[in-house]
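Asks: Right, I'll just put the structure down here and ask away after.
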Amino acid sequence: MFNSVVLAETPAIDSSAIIGRTIRVNVSQLTGQASKYYMNLEFMIDAVDGKKASTVFAGYNSTRDYLFHVVRKRTEKVRHVRDVETKDGWRLQVVALLILNRKTDTNVKSKIRKIIDEQLDAAAKRNGIDGFVKDIVAGAVQKEMKRLGNKVYPVRFSEIESIEVLKRP
């Protein structure tokens, strides 16, 4: 997914003992982009070949302090949970967060949630797991949700809060 970057080193007596371990990596360390300091990716070791272990995607989350600093008084927080299936068969639970400029009624919030659903479904159907995660890390999905949400009501902030793997193919 990230050009076989070395994520971590781990001690083990038997190489098969590390299968199933999860590794949490900060995206800024992984890609070298300091602006992505709040994004964390989780990978799970699925195979070992000699002294090299290969991993698969196991989750994503944004740090809580980053998300808390964008919520202000007199704004509306729209948090939405959606299960999506990627092009290659991965089933994911995605939690999206949009901050609206002012308090709104439930009609506006339901329209915003519908936009979130459409964008997450479109991004998942368009890509496999690698492309979907890369779009999230690059911010493409968040930008599109914000752009389309602005047509309904002014959106101040858009972010993906977390991704949990429900089923691998």
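The values are calculated or read from the model by the stated rules, or taken from the named source; none is laboratory data. Computed from a predicted structure; not experimentally measured. Counting neighbours? That spans all protein chains shown, and the Cβs are built from the backbone with ideal geometry, glycine included.
Asks: Pull out all pairs, ordered by first then second residue, where Cβ-Cβ is under 7 Å, the residues are six or more apart or on different chains, the first lies in the range 120-146 and is over 16 Å from residue 57 (Cβ atoms) and among the small types (Gly, Ala, Ser), and the second is surrounded by fewer than 17 Cβ atoms within 10 Å (Cβ to Cβ) and modelled with pLDDT of 95 or more.
Replies: Pairs found: none.
Asks: For residue 134, state whether it is closer than 25 Å to residue 44 by Cβ, touching a helix residue (DSSP H, G or I) at 6+ places or on another chain (Cβ under 9 Å) and assigned to a helix (DSSP H, G or I). So that I can check it myself, show each step before the final result.
Replies: Details: closer than 25 Å to residue 44 by Cβ: yes; touching a helix residue (DSSP H, G or I) at 6+ places or on another chain (Cβ under 9 Å): yes; assigned to a helix (DSSP H, G or I): yes.
Yes; evaluated as a whole, the condition is true for this residue.
Asks: Regarding residue 94, is this residue of a type in the set (A, V, I, L, M, F, W, C), loosely packed, with under 15 Cβ neighbours inside 10 Å, more than 30 Å from residue 15 (Cβ to Cβ) and under 17 Å from the mean Cα position of the chain (by Cα)? Please lay out each step first, then the result.
Replies: On the way: of a type in the set (A, V, I, L, M, F, W, C): yes; loosely packed, with under 15 Cβ neighbours inside 10 Å: no; more than 30 Å from residue 15 (Cβ to Cβ): yes; under 17 Å from the mean Cα position of the chain (by Cα): yes.
For residue 94, the condition - of a type in the set (A, V, I, L, M, F, W, C), loosely packed, with under 15 Cβ neighbours inside 10 Å, more than 30 Å from residue 15 (Cβ to Cβ) and under 17 Å from the mean Cα position of the chain (by Cα) - is not met.
Asks: Kindly indicate whether any position in the range 37-45 is farther than 28 Å from residue 169 by Cα and not in a strand (DSSP E or B). Spell out the reasoning first.
Replies: Initially, the range 37-45 is screened for residues farther than 28 Å from residue 169 by Cα, giving 37-38.
Pick out the ones that are also not in a strand (DSSP E or B) and you get 37-38.
Yes; the residues of the range 37-45 include at least one that is farther than 28 Å from residue 169 by Cα and not in a strand (DSSP E or B).
Asks: Another question about this same structure. Which of the residues spanning the range 16-75 are more than 19 Å from the chain's Cα centre (by Cα) and modelled with pLDDT of 95 or more?
Replies: None; the set is empty.
Asks: Of (1) in contact (Cβ under 8 Å) with a residue 12 or more places away in the chain; (2) more than 25 Å from residue 68 (Cβ to Cβ); (3) over 12 Å from the mean Cα position of the chain (by Cα), residue 116 satisfies all except one. Which?
Replies: (2)
Asks: Further question on the same structure: Of all residues in the range 137-169, how many are part of a strand (DSSP E or B), under 13 Å from the mean Cα position of the chain (by Cα) and aliphatic (A, V, I, L, M)? Reasoning before the result, please.
Replies: To start, the set of residues in the range 137-169 that are part of a strand (DSSP E or B) comprises 155-167.
Those left that are additionally under 13 Å from the mean Cα position of the chain (by Cα): 158-165.
With the extra rule that they be aliphatic (A, V, I, L, M), the set shrinks to 160, 163, 165.
Of the residues in that region, 3 qualify.
Asks: OK, next. Can you find a residue in the range 5-25 that is outside any loop (DSSP other than H, G, I, E, B), of a type outside the set (S, T, N, Q) and closer than 20 Å to residue 128 by Cα?
Replies: Step one: filter the range 5-25 for residues outside any loop (DSSP other than H, G, I, E, B), giving 15-18, 22-25.
Filter once more, so that each one left must be of a type outside the set (S, T, N, Q): 17-18, 23-25.
Within this subset, residues satisfying the condition of being closer than 20 Å to residue 128 by Cα are none.
No, the range 5-25 contains no residue that is outside any loop (DSSP other than H, G, I, E, B), of a type outside the set (S, T, N, Q) and closer than 20 Å to residue 128 by Cα.
Asks: Name the pairs whose Cβ atoms lie under 9 Å apart, with the first residue in the range 60-87 and assigned to a loop (DSSP other than H, G, I, E, B), the second aromatic (Phe, Trp, Tyr), and 6 or more positions between them or separate chains?
Replies: 63/37; 63/38; 71/157; 75/157; 86/132; 87/132
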